[in-house]
Amino acid sequence: MAKRKRHDAIQSGRAIVASASDVDIDSFTVMPDGRKMQRTVFGLTEEQVGRIRAGYTCVKCLEDHAAPYPDACSVCKFPMRPQQAEEFAKDFRGNIRYGSEMSDEDELAAAEEQIQRDAYDKATALGLIIPKPSIIVPR
Ligand SMILES: [Zn+2]
């Protein structure tokens with residue numbers, strides 16, 4: 001029996017855009033030549049994750065398709081039908097809170113303070129006596 005030819009994947013024209021992305025610190029992809037590639041974690045809404053789970057959205061490049069589980073993604077050619085579910089299970093990290101409730105300014109100040117504190121602790125540990133730095137600058 002001849003293998004039934006499936007339709008090519010049809011893009012819905014609505015590639016989803018991740019609201020956040022970050023480098024995955026838990027895993028990496030090992031290339032055939034042995035290089036290790038960083039992987040990306042996308043921050044997605046529940047609805048977006050639902051569409052990936054249902055096979056509409058490519059788990060690799062986030063291209064959205066009109067029908068679920070095409071043979072291959074129309075954009076990156078990832079074999080969605082045979083591999084999407086497995087890949088999703090492997091990559092899904094559950095609900096991770098992205099970002100910070102601190103403003104960038106506060107975060108910068110906190111980082112700056114940490115650096116000063118570390119430097120002070122190091123100097124103290126080495127027996128150098130330096131005055132405790134004052135880094136809070138009133139505006
Ligand atoms: Zn894709």
So, in the stretch 40-78, of the ones that are out of contact with any Cys (no Cβ under 7 Å at 6 or more places or on another chain) and free of Cβ contacts under 8 Å to residues at least 24 places away in the same chain, which residue ends up farthest from Ile10 (Cα to Cα)? Thr40
Lys60, sole failed condition from (1) under 18 Å from the mean Cα position of the chain (by Cα); (2) part of a loop (DSSP other than H, G, I, E, B); (3) away from the ligand (no atom under 12 Å from the Cβ): (3)
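No value in this document is a laboratory result; all are computed from the given coordinates. Owing to the predicted nature of the structure, the values given are computational and were not obtained by experimental measurement. Glycine gets a Cβ as well: all are built from the backbone with ideal geometry, and neighbour counts include every protein chain shown.
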